[in-house]
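Data block below; observations after.
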Amino acid sequence: MDDLKFGTRDKRGDWKPAKPLETAPLFVLPPQPVRLLQWLPGYIFPWNILFLAIGAALWFWLTPSAETLKTLAPGWVSYLLVRNALLVLIFFGALELRLYVKRRQGTHFKYNAKFPAEQPSDVFYFKSQNIDNAIRTFGLGVPFWTAYEVFGLWAYANGIGPWSTFAAHPIWFVVFALAIPVWHEFHFYCIHRLIHVPVLYKWIHYVHHNSVNPSPWSSLSMHPVESFLYWSDSLIHLILPSHPLLLLYHLQVTGSGAVIGHIGFDKIELGNDQGMDTHAYAHYLHHKYFEVNYADGTTALDKLFGTWHDGSKEAQARMEARYARKVAQLNQQNS
Ligand SMILES: [Zn+2]
Ligand SMILES: [Zn+2]
């Protein structure tokens, strides 16, 4: 595919999309029903429907019975841990293998022309972003994921929380399934904004931001406190009527969904003239500039608080003016 039909490449070889990013027409006044209907298919396909399908497959075929889940036991807990680790290995690993190891599409649609393997740094274990990120993913990300899953399933099996069935609340379940990625992003915005407070950033969030040029393994590479906060969005299933299948889908949105923001490519090429949109650019800009795009644009929070960067020159100028004001304020305080 000719990526220059879709964007531009600068002198360093970094590629950027020509079209500015758009926020979802969800929280706009007056409501925009036509735009909403046009936006909806891209919201559902391919990623969220894939996560729902994985969640359903896990629930029907790869989760112990409610009878087993009733009592916490090392056997089924470690089974879920291994199951989730394998899932991450296969899903994240396939993307890493295709795009970063075999480099099937070279730097086509790649925001940063460099590959992390070419940039050893002392901030990482063994000076390697890939090894460091993979250790943190399997050593912390997947265990936290599993811990929240174990807690949710154990609560379900013991009747703790307003669990229900699709047959009893079909409309609510469809609405809830559609709302879960929005809730995830809202929750992520809140905890993410919190850990960008300088003292918390230096203590916690710097770990994730060590990967300035993120790749799939960066997705769940976090400080344990960030992991603890990140996965807590799934606790909503103990407050609102839900079903374990929706919980497992939600954990896919939170876990496997994290890879979408860190792919580093705008499209995955699927042939000579076909490509799949990744929606990774908003979060890539966050890794590049730190104080923009705390969320991905499904919620309107970045726009509301003036931190939305859509990739355009105007957004860049707005961000630079904001940084200049901040520096001037700090200088004034220090003088
Ligand atoms: Zn990130
Ligand atoms: Zn951040």
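The selection criterion, being surrounded by fewer than 17 Cβ atoms within 10 Å (Cβ to Cβ), at positive phi and among the charged types (D, E, K, R), does not hold for residue 98. Answer with yes or no whether residue 17 is at pLDDT below 95, of a type outside the set (A, V, I, L, M, F, W, C) and closer than 30 Å to residue 309 by Cβ. No: the conditions fail for residue 17. Annotation for the stretch 103-112: at least one member residue is of a type in the set (Gly, Ala, Ser), modelled with pLDDT of 95 or more and either out of contact with any Lys or Arg (no Cβ under 7 Å at 6 or more places or on another chain) or part of a helix (DSSP H, G or I) (or both). In the stretch 201-308, counting only helices (runs of 4 or more DSSP H) that sit wholly within it, the ones holding 1 or more residues that are closer than 26 Å to residue 133 by Cα and out of contact with any helix residue (DSSP H, G or I) (no Cβ under 9 Å at 6 or more places or on another chain) span 206-209, 281-289. Filtering the stretch 32-89 to residues that are outside any helix (DSSP H, G or I) and either among the small types (Gly, Ala, Ser) or at positive phi (or both) leaves 65, 73.
Going residue by residue through the stretch 188-201, is there one that turns out to be on the phi < 0 side of the Ramachandran plot, touching a residue at least 24 places away in the same chain (Cβ under 8 Å), touching a strand residue (DSSP E or B) at 6+ places or on another chain (Cβ under 8 Å) and of a type in the set (Ser, Thr, Tyr)? Among the residues of the stretch 188-201, not one is on the phi < 0 side of the Ramachandran plot, touching a residue at least 24 places away in the same chain (Cβ under 8 Å), touching a strand residue (DSSP E or B) at 6+ places or on another chain (Cβ under 8 Å) and of a type in the set (Ser, Thr, Tyr), which makes the answer no.
Candidates in the stretch 6-50 are the residues that are under 18 Å from residue 112 (Cα atoms) and basic (Lys, Arg); of these, the one that is surrounded by the fewest Cβ atoms within 10 Å (Cβ to Cβ) is 11. Given the conditions (1) small (Gly, Ala, Ser); (2) part of a helix (DSSP H, G or I); (3) within 13 Å of ligand 1 (Cβ to nearest atom), report the number of the one that residue 179 does not fulfil. It is condition (3) that residue 179 fails.
The number of residues in the stretch 260-296 that are under 24 Å from residue 149 (Cβ atoms) and either modelled with pLDDT under 95 or touching a strand residue (DSSP E or B) at 6+ places or on another chain (Cβ under 7 Å) (or both) comes to 3. In the set (1) among the hydroxyl-bearing types (Ser, Thr, Tyr); (2) away from ligand 2 (no atom under 14 Å from the Cβ); (3) in contact (Cβ under 8 Å) with a residue 60 or more places away in the chain, residue 230 fails one condition alone, (2).
The values are calculated or read from the model by the stated rules, or taken from the named source; none is laboratory data. Just so it is clear, the structure is predicted and the values come from calculations on it, not from any experiment. Note that each Cβ is placed from the backbone with ideal geometry, even for glycine, and that neighbours are counted across all protein chains shown.
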